[in-house]
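Notes to accompany the following structure.
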Amino acid sequence: MSAYAALVPLLIIVGGAIFILLLEAFWKPASKTPLAALALLAAAGCGAACARLWSRGASAFGGMLRLDDLALAFTVIFLVAVAFTILIALKYLPRQNADFGEFYGLLLLALSGLMVMVSSPNLIVVLLGLEILSVSSYALAGLKRDDDRATEAAIKYFLMGSFASAFLIFGLALLYGAARSLEMPAVAASFAGPSGDSLLGLAGLVLVIIGFGFKIALVPFHMWTPDVYQGAPTPVTAFFAVGPKAAGFAVLFKLVAPVGDQAFRSAKIQVVLGIVAGLTMLVASLTALRQKNIKRLLAYSGIANAGYLLVAVLSGDGVGLMFFLAVYLFMSFGAFGALIAMSRAGEEFHDLDDFAGIGAKYPWLGALFAVFLISLAGFPPLGGFLAKYYIFAAAVHKGLTPLVLIGLLASLISAYYYLRIVVFMYMREPVRNIELDLDVPAVYLVLFLCLYGVLQLGLFPGRILVFLKQALASLVL
Amino acid sequence: MVIIVFFALAVICTGAVLGMIFSRNQATSALLLVLAFAALGGLFGLLGAPFLAVVQVIIYAGAIMVLFIFVIMMINMGQGIAPEKKKGIIVLACAMAIVLLIELVFAGRGSLPGAGVTGPGVTPTDLGRLLFTTYAYPFELTSVLILAALVGAIALVKKREP
């Protein structure tokens with residue numbers, strides 16, 4: 001029974017994707033709303049299947065597919081992200097002349113890639129999941145085909161992504177040579193063994209980290225991020241900011257946290273990752289200061305947040321990592337949802353100047369956007385504050401005080417560029433007259449759900465923390 | 001008998017590669033490379049690696065070279081490398097050749113770590129059994145990956161419905 005039970009969530013998503021693609025090919029509906037509804041239904045069905053498996057777990061294919069509580073918790077994060085993406089895309093795609101039914105099929109395929117990544121201890125399977133995700137993402141980024149920026153984004157993402165995959169595969173080959181297995185526990189054990197400190201394994205691990213560093217946009221490998229985020233359709237950008245990042249960090253955590261625990265290992269890998277984390281937080285925050293385009297600014301903010309998450313990985317703080325991701329899911333989709341609302345047919349307003357006077361003209365939109373920005377900046381009582389607090393507290397506990405100081409500095413800098421948008425919305429006179437088409441109930445639904453999430457996680461995080469602790473207890477180190 | 005086949009294949013392979021380098025027409029070069037790959041596949045077969053031989057022919061001579069030829073025909077690069085760049089390329093090629101020579105010497109003496117270790121022969125049957133038992137899950141996932149790639153490519157280039 002359990003073999004099929006473990007496959008059910010994945011089968012629902014892939015089956016849903018294929019069904020949507022067939023409908024798009026043969027039925028050719030004029031309005032794509034039924035396809036979006038189907039995609040939402042598939043996500044809901046998958047969520048129900050996951051809920052049934054919670055705290056029981058299931059595995060198939062000799063352990064290559066293992067749905068433990070950690071994988072299920074991450075799957076729920078992905079499902080919420082995809083549902084939000086579909087909702088904010090409903091009106092956006094027809095307005096921006098990119099209303100393809102394939103969008104929903106590709107989105108579900110990307111989701112299946114994310115689920116595969118977090119539900120296997122085998123690195124070959126993780127790599128395949130990552131490739132499914134990446135290949136769907138390249139196409140999603142270029143979906144606005146008449147737009148030069150979107151084409152640039154898709155090509156850049158494709159080339160950089162392929163390059164990163166090459167690093168990753170080369171690293172896996174070396175790791176296999178060192179550990180004679182690609183199961184994560186075996187890889188970690190090979191580092192703990194007497195001959196563990198081999199150059200081969202170390203080189204492999206570094207190459208794997210470089211590969212993932214590209215995909216989750218850590219600083220020396222982040223150059224593609226702003227361009228891709230800016231060029232891709234905004235709902236897709238919102239998905240990129242959350243989905244791949246969460247999955248990448250899930251794998252990185254499972255791979256590096258046990259390795260980092262060994263006292264002899266911490267010296268080398270910890271130092272390298274620590275430098276990367278510090279650079280990521282600082283460089284991203286400083287570059288964000290000069291951004292005039294809000295989409296690019298949010299891209300740099302996403303990179304800076306990856307830096308905080310890396311601090312959580314370094315201190316082995318799984319609960320803090322997952323809590324941050326959950327909060328980030330709501331903050332990020334809230335901010336991108338507000339960006340989506342800043343549009344009308346064929347036009348989007350993403351310049352800082354466009355936001356001048358929005359707070360007075362569209363009070364609801366302005367207030368909601370301001371809340372998400374303040375949460376991103378990390379002010380209490382919103383979720384963003386607690387998320388950063390947990391990560392930094394755990395890091396200080398582990399003796400990573402220099403990194404925490406850099407993180408606090410980066411947070412201070414980030415407060416400036418987030419609050420500058422709020423200042424523009426409420427205290428500046430409009431530069432030009434902007435007429436928004438705010439007949440977007442689905443976007444408002446997402447905005448209010450995100451508001452609820454940010455407040456709930458900021459004020460009453462207890463229940464979700466219990467939940468996350470149970471999920472992490474299932475991780476076999 | 002085997003030695004005759006080996007030398008025939010080796011001569012075809014080397015000759016095809018030389019022809020590829022000296023040919024002025026890119027399409028001819030590509031086709032000669034196909035010939036070289038096919039001969040190389042034969043050599044793998046002689047070494048007792050039938051699966052590698054078949055894969056070499058199917059993937060390199062089949063899929064990848066077809067892609068090369070498509071690109072050559074579509075892009076149609078008129079002239080070759082500019083003469084001022086040629087010098088640098090020749091120097092680089094010589095350096096690479098020397099590195100390759102050193103590697104070959106080391107490999108020939110068997111002094112590279114791990115070199116000369118041969119496992120039990122792997123037949124296509126073994127590989128097939130592995131693919132459909134231990135690695136059934138990754139194998140099936142590959143089909144999802146290919147589906148995603150197909151759909152993505154079509155979504156990016158298909159004609160707009162009026």
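The values are calculated or read from the model by the stated rules, or taken from the named source; none is laboratory data. Since we're looking at a predicted model, the values are computed, not measured. Reconstructed Cβ throughout: ideal geometry from the backbone, glycine too, with neighbour counts over all protein chains shown. All accessible areas refer to the heavy atoms of the entire protein, side chains included, with ligands and DNA or RNA removed. Shrake-Rupley method; radii C 1.70, N 1.55, O 1.52, S 1.80 Å.
Just give me the residues in segment A:317-342 being open to solvent by less than 10 Å² (accessible area, probe 1.4 Å), more than 18 Å from A:Pro441 (Cα to Cα) and either more than 15 Å from the chain's Cα centre (by Cα) or not β-branched (Val, Ile, Thr) (or both), in sequence order. Those that are open to solvent by less than 10 Å² (accessible area, probe 1.4 Å), more than 18 Å from A:Pro441 (Cα to Cα) and either more than 15 Å from the chain's Cα centre (by Cα) or not β-branched (Val, Ile, Thr) (or both): A:Gly318, A:Gly320, A:Leu321, A:Met322, A:Phe323, A:Phe324, A:Leu325, A:Tyr328, A:Leu329, A:Met331, A:Ser332. When every residue of segment A:115-137 is checked against the conditions, none turns out to be part of a loop (DSSP other than H, G, I, E, B) and either more than 14 Å from every other protein chain (Cβ to nearest Cβ) or hydrophobic (A, V, I, L, M, F, W, C) (or both). The residues of segment A:142-157 that are facing chain B (nearest Cβ under 10 Å) and either open to solvent by 10 Å² or more (accessible area, probe 1.4 Å) or under 18 Å from the mean Cα position of the chain (by Cα) (or both), listed by number, are A:Arg145, A:Asp146, A:Thr151, A:Ala154. Here A:Ala89, A:Ala110, A:Ala73 are screened, and the one residue that is facing chain B (nearest Cβ under 10 Å) and in contact with a Phe, Trp or Tyr (Cβ under 9 Å, 6 or more places away or on another chain) is A:Ala110.
Scanning segment A:163-181 for residues that are closer than 25 Å to A:Phe221 by Cα and either hydrophobic (A, V, I, L, M, F, W, C) or in a loop (DSSP other than H, G, I, E, B) (or both) yields A:Phe163, A:Ala164, A:Ala166, A:Phe167, A:Leu168, A:Ile169, A:Phe170, A:Leu172, A:Ala173, A:Leu174, A:Leu175.
Of the residues making up segment A:40-70, those that are of a type in the set (Gly, Ala, Ser) and within 14 Å of chain B (Cβ to nearest Cβ) number 5. All of A:Phe103, A:Phe84 fail the test of being part of a helix (DSSP H, G or I) and modelled with pLDDT of 95 or more, apart from A:Phe84. Per this entry, A:Thr225 is counted among residues that are at pLDDT 90 or above, open to solvent by less than 10 Å² (accessible area, probe 1.4 Å), β-branched (Val, Ile, Thr) and under 29 Å from A:Val446 (Cα atoms). Within this structure, A:Gly248 fails the test of being open to solvent by less than 50 Å² (accessible area, probe 1.4 Å), under 22 Å from A:Ala110 (Cβ atoms) and in contact with a Pro (Cβ under 9 Å, 6 or more places away or on another chain). The helices (runs of 4 or more DSSP H) located wholly in segment A:317-380 that include 2 or more residues which are closer than 16 Å to A:Arg428 by Cα occupy A:358-361, A:363-377. Scoring A:Asp439 on the criteria (1) farther than 18 Å from A:Leu297 by Cβ; (2) in a helix (DSSP H, G or I); (3) open to solvent by 40 Å² or more (accessible area, probe 1.4 Å) leaves a single failure, condition (2).
Annotation note: of B:Val122, B:Val66, B:Val144, the sole residue that is in a helix (DSSP H, G or I), under 30 Å from A:Gly63 (Cα atoms) and either at pLDDT below 85 or open to solvent by less than 60 Å² (accessible area, probe 1.4 Å) (or both) is B:Val144.
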